[in-house]
Every structure is written in C-alpha cells, then in structure tokens.
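Reviewing the structure listed below.
The values are calculated or read from the model by the stated rules, or taken from the named source; none is laboratory data. Please read these numbers as outputs of a predicted model, since none were measured by experiment. Note that each Cβ is placed from the backbone with ideal geometry, even for glycine, and that neighbours are counted across all protein chains shown.
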Amino acid sequence: MSSSKLVAPELASIEIKGMTRHAFMMRSAVAAGSVYGLSTVGPFVGRAIAQEGGGDVDILNFALTLEYLETAFYTEALKNVQGLGGEAKQIAETLRDNEAEHVDALTATIKDLGGKPVAAPGVDFGKAFANQKSFLKTAQTFEDLGVSAYNGAAPQIKSKEVLGAAGGIVQVEARHAAAIRFLRGQPITPGAFDEPLEKQAVLDAAAPFIKG
Amino acid sequence: MSKTVEPESGSALEELTQDASSRKRFLGMVGGAGAAGALTMFLAACGDDDEKDSAGTSGEEKKSGGGGAKSDLEIVNYALTLEYLEAQFYADVLKAGVVTDKAVGEAAKRIHENEEEHVDALLATAKKLGTPAKKPKASFQKVIDGGEKMVLETAATVENLGAAAYLGQAGRIKSKEILAAALAIHTVEGRHAAALNKIVGKSIVPDGAFAKPASMDEVLKQVKPFLVS
C-alpha cells in the first residue's frame, strides 16, 4: 500500500477469491478432524482439491514445521525451565495446547489436499530453558517469527479455505506474541504493521533450533 | 469447493451503498429507528462517495466481478472507518487521563500510535483506489465516564472485534498487495486484543487455537452505539 515495505515482493499473481463464512466454517470442521465432506462427495472432488492445493501443500508444510517447533518448545519448557511458575507457566500451557491444535489442523488439511505432511523436526533449544527469563525471551522470538512467517506466506495461498484457516491461526500467533511481550514488559507490537518474512528468512531464523 | 455460496454477508456494505431498496431492506432487518440512524451515519462515513462512483458502473460489470479495485476500495474504506474509530477512542481515553496503571498506560499509548498509523496507511491506499471514507463522528464519553475498568473492557471488546473484522475480509480482497497489508494490520489488532484481554483478566485467545472472523454486519452492529449525529 502506501509503504513499499508492506508489499511482499515475492507475491505471485494469484487472485484470491472471496472467502465465505460458510467456507470458513467448513475449514473449522476440518480443524476439528473431519474432512471437507470428501467421504460423501467422492474422489473426483478430492482430485480437484489436490490440484487446487498444489502450492498450498508446500506452504502448509512450511507452517507445520514451525508449529511442530513451537509445540516442542513449550512442551519441553514445561518440563525443563528452572523455576517456571505463575503467569509464565500458565501462558506456556495455553500456548503449548494452541500450537498442538495447529499441528493437528495443518496435518489434517495437508492430507485432505492429497499432500504428505512433513515429519516433526529434531529440535535443540540450547540454553533457552536455563531460566524463566531466557525462556520468555526465546518464546517471543518464536511467536513474532511465526506471525511474520504466516503473513509472508498467506498472500500466496490459492485456496480461500486454507487462507481463512491460516488467518485464524496467525491471529492466534500474534496474540501469543503480545501476551509474552506484555509479560516481559516489552512493547506489545514491534510496530504498527507485522511485516511479512520470506520463507527462507524464516527458516534461517529457525535453523539454530532445528537439528538433524 | 471454490464454487460455493456467495459471501453470506461480505458484500453487504456494497449492496447497501449501491441499492436504495436493499439498504431499506437491511435497515428494516436490523430494526429500530436508532439502529437505522446509526447505520445511515456509518454509511455516510464510508459509503456515500462510493455510491457516486458506482453510478458509472454498469450492473453487468458488477455481476461479472470486474470491479476488483472497487470492492477492495470498499473493504479499505470499511477498515479505515474502524481504524478512525479506534484511533479516536484511544486519543479520547488518553486525553481524559482515565488510565492509571503505568504498564497499561504504555500499552494504550502504543495502541493509539498503531491505530493512527493504520489510519494513515489505509487513507493513502483508499486515495489510490478512489475516494476515501470520511472520518465518522463518534463519542466515547459514556465509556470514559464509566471509569477505567469500563474503558479497558471496551478497548478489549473493540480490539477483538477489529481483529475479527480484518479476518472476515481477508478472503475477499482481490489485490495481493492490499491483502498483504491487511494481514500486517490484522495481526497487530490481534496483538492489541490479546494484551487488553490479559489486562482485563480474559483469555488471550477467546476463540481457542483458531480465531474467528466477523462479517461486516456483525461489526456494524457493534460499533453503532459509538456513532453520533
């Protein structure tokens, strides 16, 4: 828009058609573990969806890797962070649960689109769990990164259902980021616009935590 | 799958600004004279100029979906109107000095700055696409008079609504640049909502792991109490 910084340069020329509320509700059903009604409408529609979702599967697998990473981060944090308690512990539990639901929804959606979900990455969170302070600092990094990752990838999503679902997830990532920032006494937003990051930049930022 | 139903309510504003009879129908649907008055003002804020533009657009063109820039303008003007309301809300609240807690005050200041930047960006975008919505006339005095607790709870409500409003439009935006910008604003509204929810003791994720969208109608209904004649 007015600022060129807001425009992701890698955007492909994809026309994203109107997402309907109905469509979003269908997606919510997918998130809950059901399948677009594919079992009733048959394999023809299944193939159509798989074709439409060709590029979407790659984007969803990218998101799945990040969600796996986040889920592992909070799961391990709850076991390992020295002196984790109070609000920080509560937030860690909420975030772990949300991220695990994101993993489930993304995995189900990738399968629905005829794709193969990526395996959970090996993780190494280094000294992030040394204490509550270092845990929260790393958590903020993860959540801010997640927001920028989704914001960078979302305009390239072809399916409006998948776009709607990604939108519902990225807002939750942003909520996580703000809650952690507020708890840390940091500004709740990095700025007025959560700028998109390209896939490679996200993977580079996440690389130190991925092993194998 | 993509040949599903038309947006249930997504194009409501478009219809209202184009078609007097559908406007009448909608106002009847919403109910009372107060509601109609408020909506008329809302539309005056974000629809009037557009109505003039649409006079030159043939019905055929509309049906064939040729008006991508036009429908994007409507969405941008809708967002601009919401951001105007939010910006004024925080400006009024900060001016009234009603927030006493230091950390909460800092968050409110931050949010106010963000909303002002959103107004600037959306205004510039609307100008590129056509005629921007006018700033709506609003009053938050009743909320401010209600004290700090009411102010913060209202702020939380407004931010959650704002985040849902952006999410509700994301799939309707035709231009990828505008979509990218809307997403960049959407998550900032989500951040505001979470911080305020935390401040007032509500869940940071009231919809659970998946945030829910809101349609234009739902949002219009909720903001109308703040509009004044």
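Name the one entry in B:Leu220, B:Leu227 that is touching a strand residue (DSSP E or B) at 6+ places or on another chain (Cβ under 8 Å), more than 14 Å from chain A (Cβ to nearest Cβ) and not charged (D, E, K, R).
None of the other options fit; the residue is B:Leu227.
Give the residue, chosen from B:Leu167, B:Leu196, B:Leu179, that is in contact with a helix residue (DSSP H, G or I) (Cβ under 7 Å, 6 or more places away or on another chain), buried (at least 19 other Cβ atoms within 10 Å of the Cβ) and either of a type in the set (S, T, N, Q) or more than 7 Å from every other protein chain (Cβ to nearest Cβ) (or both).
B:Leu196
Pairs please, first residue from segment B:106-128 and more than 8 Å from chain A (Cβ to nearest Cβ), second anywhere and at pLDDT 95 or above and surrounded by fewer than 18 Cβ atoms within 10 Å (Cβ to Cβ), Cβ atoms under 7 Å, 6+ apart in sequence or on different chains.
B:Ala108/B:Leu94; B:Lys109/B:Leu94; B:His112/B:Ala91; B:His112/B:Leu94
Name the single residue that is surrounded by the fewest Cβ atoms within 10 Å (Cβ to Cβ) among those in segment B:209-229 being in contact with an Asp or Glu (Cβ under 8 Å, 6 or more places away or on another chain) and closer than 21 Å to B:Ile173 by Cα.
B:Ser215
Kindly establish whether A:Thr75 is over 30 Å from B:Ile178 (Cα atoms), in a helix (DSSP H, G or I), modelled with pLDDT of 95 or more and not aliphatic (A, V, I, L, M).
Yes, satisfied.
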